[in-house]
Amino acid sequence: MSRSHLRHRRMIGTLAMAAAAAILVPLSTANVAAADTARPSHGAPASTLGRLAAAHGKYFGSATDSPELSDAAYVSILNSEFGQITPGNDMKWAYTEPAQGQFVFAKADNILAMARAHGQSVRGHTLVWHNQLPDWLTSTAWTAPQLDAVLKNHITTEVGHFRGEVRAWDVVNEPLNEDGTYRQTMWYETLGAGYIAKALTWAHAADPAAKLYINDYNIDGLGAKSDAMYNLVASLKAQGVPIDGVGLQAHLIVGQVPSTIQKNIQRFAALGVEVAITELDIRMDLPRDAAKDAQQAADFSTVVGACLAVRTCVGITIWDYTDKYSWVPSVFTGQGAALPYDENLAKKPAYAAIAAVLSTHRTLAPRPGRS
Ligand code: XIL
């Protein structure tokens with residue numbers, strides 16, 4: 001909050017405060033964040049990545065996961081620093097429909113309630129994927145009509161349950177191979193490539209206001225896989241399928257951020273869809289050292305800057321915010337330290353680099369009332 005807001009608050013009585021806040025708050029979170037950025041010292045509270053991003057009309061968020069919510073120090077930063085939340089596991093099929101037709105949403109509901117209480121928007125992740133599926137689903141030899149019905153019921157029930165609470169859904173996750181062909185999943189093999197259009201259409205019927213995405217990794221820069229995603233989205237748009245966005249997961253490696261990331265975001269934007277950076281982390285060979293930390297800081301700055309440079313890049317989500325809870329070490333042997341906070345929840349150089357690019361980038365979104 002800026003000093004002028006504080007002065008204003010002192011001048012008005014307690015009874016008037018609630019009413020005043022109701023008027024002040026919606027006026028512009030962006031202006032408050034911008035004011036903090038301009039005057040970071042002299043008693044004004046430090047800004048946060050979420051507020052700095054909001055000054056550009058974008059969000060800066062983090063994934064989280066239910067087991068982490070018993071860590072009070074972790075939760076305190078999660079709730080104060082970030083403007084958006086993605087449940088990292090709790091909306092996946094294995095956990096939401098563990099037995100056929102029996103839906104379990106309690107853990108995701110809990111995360112969404114926390115997000116709502118802190119004014120954070122939510123990304124739903126994910127409806128159609130080939131991983132983290134329940135055994136009943138993967139162990140049955142479905143006919144196409146049967147699998148069609150199973151998929152439709154899952155999407156309709158899950159999206160319907162969260163209707164109005166999820167800003168955007170990763171409807172289809174990781175549908176492509178590295179060479180741009182379709183991944184041979186149970187969905188593709190049984191239903192054909194049409195499963196993608198069907199999933200989007202069913203999700204749209206269940207929550208017409210939610211932004212519907214296809215999300216994948218290694219489509220961050222130009223290349224065969226991102227060309228294929230481009231062509232897929234263009235063809236879905238041409239058929240009138242409800243597709244609103246492309247998610248660039250951005251599981252990246254220190255020193256290897258694709259140089260074409262901004263160009264790639266731009267070409268998706270030109271198709272008339274949003275882009276979101278959905279699962280950003282930038283891993284290194286362990287152990288950390290100062291040189292790797294510095295390169296990682298520059299790399300985070302590059303990715304965030306690329307999103308800031310394109311109006312329809314709506315925001316950035318890091319795949320959890322601390323190395324304490326990163327998925328990287330369990331999957332990429334010998335690698336880790338991929339996030340802006342270390343295992344003790346202390347800020348790494350990447351944090352300052354992200355805050356700096358969010359504070360200094362010139363392409364601020366137009367303010368209300370200006371053209
Ligand atoms: C990961 C989670 O972070 C892990 O906790 C889980 O064990 C496996 O899945 N791409 C995705 C995410 O779309 O859902 C994955 O999340 C990371 C890769």
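Details
- Checking each residue in region 42-90 for being without any contact (Cβ under 8 Å) to a residue 12 or more places away in the chain and within 18 Å of Ala350 (Cβ to Cβ) picks out only Ala46.
- Asp281 vs. criteria crowded, with 16+ Cβ neighbours inside 10 Å and either at pLDDT 95 or above or more than 16 Å from the ligand (Cβ to nearest atom) (or both): yes
- Cβ-Cβ contacts under 8 Å between residues 6 or more apart (or on different chains), taken from a first residue in region 318-331 that is closer than 19 Å to Gln84 by Cα to a second residue that is in a helix (DSSP H, G or I) and acidic (Asp, Glu), are listed as Asp320/Glu68; Tyr321/Glu81; Tyr325/Glu68.
- Pair list, Cβ under 6 Å, 6 or more apart: region 207-230 residue polar (S, T, N, Q), other residue away from the ligand (no atom under 14 Å from the Cβ): Asn218/Lys225; Ser226/Asn264
- Helices (runs of 4 or more DSSP H) wholly inside region 76-194 containing at least 3 residues that are of a type outside the set (Gly, Ala, Ser), surrounded by 14 or more Cβ atoms within 10 Å (Cβ to Cβ) and away from the ligand (no atom under 16 Å from the Cβ): 106-117, 144-161, 186-191
- Residue identified as modelled with pLDDT of 95 or more, under 20 Å from Tyr321 (Cβ atoms) and surrounded by fewer than 16 Cβ atoms within 10 Å (Cβ to Cβ) among Ala250, Ala294, Ala238: Ala294
Okay, residues lined up against (1) assigned to a strand (DSSP E or B); (2) away from the ligand (no atom under 13 Å from the Cβ):
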{"position": "Ala291", "(1), (2)": "no, yes"}
{"position": "Gln296", "(1), (2)": "no, yes"}
{"position": "Phe300", "(1), (2)": "no, yes"}
{"position": "Gly305", "(1), (2)": "no, yes"}
{"position": "Val310", "(1), (2)": "no, yes"}
{"position": "Thr317", "(1), (2)": "yes, no"}
{"position": "Asp320", "(1), (2)": "no, no"}
{"position": "Ser330", "(1), (2)": "no, no"}
{"position": "Thr333", "(1), (2)": "no, yes"}
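- Look at (1) over 20 Å from the mean Cα position of the chain (by Cα); (2) of a type in the set (Asp, Glu); (3) more than 26 Å from Leu133 (Cα to Cα) and you find that Glu178 fails only one, number (3).
The values are calculated or read from the model by the stated rules, or taken from the named source; none is laboratory data. Keep in mind that this is a model prediction, so the values were computed, not measured. Cβ atoms come from the backbone with ideal geometry, glycine included; neighbour counts cover every protein chain shown.
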